[in-house]
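Remarks on the structure that follows.
None of the figures in this text is laboratory data; all of them are computed from the coordinates on show. Keep in mind it's a predicted model, so treat the numbers as computed, not measured. Note that each Cβ is placed from the backbone with ideal geometry, even for glycine, and that neighbours are counted across all protein chains shown.
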Amino acid sequence: MDLGDGLNKGMNLESYQAVKLDIYHQGNDPTFIFYLQNFNPAYSTEGDYGSFKYNRVEIPSEEFINNTVTVNFEELNVADWWLNTQNLPRNLRYRELNNIVTLGIQMQLNHGDKTKGGFSISINKVVLIGHSLSKEQLYLYIILFWGAFVMMVSSIKFYAMLSELSFKTHNIHTLNQNKHRLEKLSRSDPLTCLNNRTGIDDYLNTAIERGELSENIAVALIDVDHFKKINDTYGHDVGDSVLKELAVLLNSSSRIKDCVGRWGGEEFLILWPDMNIDNAMKQANDLCNKVSSYGFDIPDNKRVTVSIGLAEMNVHSDFKQAIKSADNNLYLAKSAGRNCVKSAKN
């Protein structure tokens, strides 16, 4: 039976694993020879069937149970007689199934049976058995499948790792934000949003460590005059409002490098870097005038004034001693009638 054109263009059977033969025979029991002839221009000549590679297998007739037998292609071998007629390199001396042009069945009687008469045979069906893919293709697809599977699992793990990393990064970012917020709260006065005592200490220590302060640092301790009377007369809400408005006024009247804070109660503190006591006196008097002329949100348009005590220090001085000196001068300002500034020089 010719496959393809039966000349040089046949059928590739490499994707098949076996052939099922349905054969009915009577009479003498021959040995069947199933063969496939492959055309390869390396050794074949078109029209010369003897040059087509002869892949064969012998099948005893007793193997035909119910007239059928299955032949695995791995059983096929190149006939010795054919190899003896060819001068082929070793790599071409094995079976080939990639261009089968002829499929056939031959019968061979055993020597002792030749005188016993003839036999009849009918070939009912020849069925090729195999996959739609060759072994090489099948192995390739298996490799590709497992490669894709490994990549998918790796991608899932990678994205899970990214998600976990993103989650952790978000948590760290949130923790850092909370940390900064808590640190800011720990250094800030909740009412006026100015530095509290901790914030003032941090400012001073950091500025000294960085070398940002010169030898002259003026310290101003500011106290709201008669603040208790404001609370008692108008209530603590009005008193708190006065403190918040005064904080805004002090902040707006200061330089970027100055430190403004609430020292406690109605007392405020300002650190003026790079300022001697004489310039600090002028700055403090201007501040007193601004406060006394400012229209605070208070009933009866009552005027609010402050008393200020000044001190001078440097980066090597004791800050507590400077505060004590400023507090003494603040006491002198209050004793002098309030709404004024006092320092060690006046």
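Could you give each residue of the range 249-258 its phi-based ³J(HN,Hα) in whole Hz, using Karplus coefficients 6.51, -1.76, 1.60 with θ = phi - 60°, and x for Gly or Pro?
Calculated HN-Hα couplings, in order: 5, 5, 5, 5, 8, 10, 7, 4, 7, 6 Hz.
Amide H to amide H, which residues 5 or more places from residue 128 or on other chains are under 5 Å from it, using H placed in the peptide plane?
Those lying under 5 Å, H to H, from residue 128 are 20.
Mind ordering 45-51, 101-107 by average Cβ neighbours within 10 Å, highest first?
Ranked by mean Cβ neighbours within 10 Å, highest first: 101-107, 45-51.
What's the magnitude of the charge dipole for the chain around its Cα centre, counting Lys and Arg as +1 and Asp and Glu as -1 at the beta-carbon? Answer in Debye, nearest 20.
It works out to roughly 1020 debye.
How much mean residue ellipticity at 222 nm does the chain get from its helices, if each DSSP H run of length 4 or more adds -39500 (n - 2.57) and you divide by all residues, to the nearest 500 deg cm²/dmol?
Taken over the chain, the calculation gives -13000 deg cm²/dmol.
Figure the gain on full extension for residue 175 and residue 317 (residue separation times 0.36 nm, minus the Cα-Cα span) and round it to one decimal in nm.
Roughly 47.4 nm would be gained on extension.
Roughly what % antiparallel, to the nearest 5, for the DSSP beta bridges in the chain?
95 percent
Only Cα pairs within less than 10 Å get springs; with that Gaussian network setup on the chain, which residue of 42, 220, 284 has the largest fluctuation?
Among 42, 220, 284, the largest mean-square fluctuation in the Gaussian network model of the chain belongs to 42.
For residue 143 and residue 63, FRET efficiency with R0 = 35 Å and r from the beta-carbon atoms, rounded to 0.05?
0.40
Each residue of the range 289-305 in order: what ³J(HN,Hα) in whole Hz does its phi give by Karplus 6.51 cos²θ - 1.76 cosθ + 1.60, θ = phi - 60°, with x for Gly and Pro?
Per-residue couplings from phi come out as 5, 4, 5, 5, 9, 7, x, 6, 7, 9, x, 6, 6, 4, 7, 10, 10 Hz.
What is the set of long-range amide H partners of residue 53 at a cut-off below 5 Å, with H atoms built 1.01 Å from backbone N?
Long-range HN contacts for residue 53: 38, 40.
Quickly rank 242-250, 150-158, 12-20 as a protection proxy: mean count of other C-beta atoms within 10 Å, highest first.
242-250, 12-20, 150-158
In what sequence do 82, 263 fall when counting other Cβ within 10 Å, fewest first?
Going from least to most buried by this count: 82, 263.
Which whole-Hz ³J(HN,Hα) couplings does the range 326-339 yield from phi under the Karplus relation 6.51 cos²θ - 1.76 cosθ + 1.60, θ = phi - 60°, glycine and proline marked x?
After applying 6.51 cos²θ - 1.76 cosθ + 1.60, I find 5, 5, 4, 5, 5, 4, 5, 5, 5, 5, 7, x, 6, 6 Hz.
Using modelled backbone amide H atoms (1.01 Å from N, in-plane), which distant-in-sequence or interchain residues come within less than 5 Å of residue 263's amide H?
Result for residue 263 returns 268, 269.
Using +1 at the C-beta of Lys and Arg and -1 at the C-beta of Asp and Glu, which of 319, 329, 99 has the Cα lying farthest in the positive direction of the dipole of the chain?
Of 319, 329, 99, it is 329.
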